[in-house]
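The values are calculated or read from the model by the stated rules, or taken from the named source; none is laboratory data. On a predicted model such as this, the values are computed, not experimentally measured, just so you know. Glycine also receives a Cβ, built like all others from the backbone with ideal geometry; neighbour counts cover every protein chain displayed. Note: accessible area is taken over every heavy atom of the protein model, side chains too, but ligands, DNA and RNA are not part of it. Shrake-Rupley method; radii C 1.70, N 1.55, O 1.52, S 1.80 Å.
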Amino acid sequence: MYKKILMPVDVFEMDLSDKAIRHAVYLAGETGEITLFNVLPNSNRSILRGFASDIKKFEDYMLAESTKKMVSLQRLFDMPAERLHTEVRFGNIRDEILAKGKSGEYDVIVIGSRQRGMSTHLLGSNAESILRYANIPTMVVR
């Protein structure tokens, strides 16, 4: 099985992650570790120039909410807590996930996908983009 699994999650769309959880746990086996990785979009500071303090408050709030939801998401995994890790970042979803995958720490990316459509060729746009550009094995779970 895999030693280190990167599992991007959208904590505000939990149904997307639920489907991939059992696959990630299976791939981790008895000794593997899973990192739940949530990327929050950057605020567009150029549009909101006069509201810098409000942007900071909003980002702090989003970070706190995301962290709380990540802790509750950990309870869904049938594995010891010391083998589960969480990280929340701000940035472009695709770019942050690809950068994290390229860091050399991870053996595989497990990502959920829910949107079907002609524009994304039966995968969600983020999942499709990650699958296309990742340099490590990537499993998309529907």
Yes or no: the range 57-66 includes at least one residue that is modelled with pLDDT of 90 or more and of a type in the set (Gly, Ala, Ser). yes
Of (1) at pLDDT 95 or above; (2) closer than 30 Å to ILE55 by Cα, ASP107 fails just (2)
Boolean, ARG49 is more than 24 Å from SER125 (Cβ to Cβ) and either in contact with a Gly (Cβ under 7 Å, 6 or more places away or on another chain) or at pLDDT 90 or above (or both): no
Which count do you get for residues in the range 110-142 that are open to solvent by 70 Å² or more (accessible area, probe 1.4 Å) and either of a type in the set (S, T, N, Q) or modelled with pLDDT under 80 (or both)? 9
